[in-house]
Amino acid sequence: MNNKLPFISENILDFTFIPENLSIKCSDFVLANYNKALFSELEIPLPQSIRNSVAKRQAEFLAGRYTATLALKALGISCNNIAIGKQRSPVWPNKTIASITHTNTTSICVASLNTEHQYLGVDLENIISEKTINEIHNSIIFTNELTVLKNSSLSFEQAFTLTFSAKESLFKALYPTVGYYFDFSAAKITDISTQKSCFTLVLTEDLTDELTTGMVFTGYFGNVHQQIFTLIAQKNFNLELN
């Protein structure tokens, strides 16, 4: 592949918190430089379901899949044809687990062997404005979470965006197991540590027999081009017990 095309280039993330045995790749892309021929040049198949989409959707799909191939390659796995499964979720190669996120300028993929991580989710968000927060906050955060956000050393806009993104990452991490959509109310944020670049989410309802109320998830966050990046990477519990 040629990652020196003006459309997309790899961006090396300098995060100290990345867990062991986890591949993470980031790409910056320019929507204005997209053209459909880039699918062939980057050796990424163009699915029929994407072929008639608007250019922005095609560009974001291409950037995400290209970044995913880089993340898988770092694990020693060559796979350019990552299919689209149910609910438009990527179908990852056997024995792997991964997650993709993107804004309109940046795409990130994290990947791991499924023997290393049981739940894996990643999200990237532009900082949410005060106006938008006022419109959506009732469906994102709840009374007992407000104190956590206000007590963090982040601005309220940053803390709210982090919480929104953290819950998106948790959804991506758990959805393959849960198999259905669940609301933001299914988990609450209980801690944000800027010193350790981590946060804590706790389930507030039973999602499956194993994913039950009170289950704790520790996630990580960082800044990518003034965007909030969050990551859930939960170790394989079965492996830890053996």
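The values are calculated or read from the model by the stated rules, or taken from the named source; none is laboratory data. What you see is a predicted model; the values in this text were computed from it and never measured. Note that each Cβ is placed from the backbone with ideal geometry, even for glycine, and that neighbours are counted across all protein chains shown.
Numbers for the structure displayed
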{"quantity": "Odd one out for E60 among (1) over 21 Å from P176 (Cβ atoms); (2) exposed (fewer than 13 other Cβ atoms within 10 Å of the Cβ); (3) among the charged types (D, E, K, R)", "calculated": "(2)"}
{"quantity": "Which listed residue is touching a Cys at 6+ places or on another chain (Cβ under 8 Å), free of Cβ contacts under 8 Å to residues at least 40 places away in the same chain and either polar (S, T, N, Q) or on the phi < 0 side of the Ramachandran plot (or both), from I108, I100, I84, I44", "calculated": "I100"}
{"quantity": "Which listed residue, of V54, V30, is out of contact with any helix residue (DSSP H, G or I) (no Cβ under 9 Å at 6 or more places or on another chain), surrounded by fewer than 19 Cβ atoms within 10 Å (Cβ to Cβ) and modelled with pLDDT of 95 or more", "calculated": "V54"}
{"quantity": "Residues of the stretch 18-27 classified as among the charged types (D, E, K, R) and at pLDDT 95 or above, total", "calculated": "1"}
{"quantity": "Failed item, numbered, when F160 is tested on (1) touching a helix residue (DSSP H, G or I) at 6+ places or on another chain (Cβ under 9 Å); (2) part of a helix (DSSP H, G or I); (3) surrounded by 12 or more Cβ atoms within 10 Å (Cβ to Cβ); (4) in contact (Cβ under 8 Å) with a residue 40 or more places away in the chain", "calculated": "(4)"}
{"quantity": "The stretch 165-183 residues that are outside the structural domain of R88 (by TED's automatic domain parsing) and under 23 Å from I128 (Cα atoms), paired with ones that are at pLDDT 95 or above and charged (D, E, K, R) (beta carbon under 6 Å, 6 or more apart)", "calculated": "S165/D123; S165/E125; E168/D123; S169/D123"}
{"quantity": "Meets criteria (acidic (D, E), in contact with a Ser or Thr (Cβ under 9 Å, 6 or more places away or on another chain) and more than 22 Å from F182 (Cα to Cα)) for E125", "calculated": "no"}
{"quantity": "Within the stretch 32-116, helices (runs of 4 or more DSSP H) holding 3 or more residues that are within 24 Å of F229 (Cβ to Cβ)", "calculated": "55-74"}
{"quantity": "Test: residue in the stretch 166-176 that is crowded, with 19+ Cβ neighbours inside 10 Å, more than 29 Å from G85 (Cα to Cα) and not aliphatic (A, V, I, L, M)", "calculated": "no"}
{"quantity": "Failed condition for E125, given (1) surrounded by fewer than 17 Cβ atoms within 10 Å (Cβ to Cβ); (2) in contact with an Asp or Glu (Cβ under 9 Å, 6 or more places away or on another chain); (3) not in a helix (DSSP H, G or I)", "calculated": "(1)"}
{"quantity": "Residue tally, condition among the aromatic types (F, W, Y) and in contact (Cβ under 8 Å) with a residue 60 or more places away in the chain, over the stretch 195-234", "calculated": "3"}
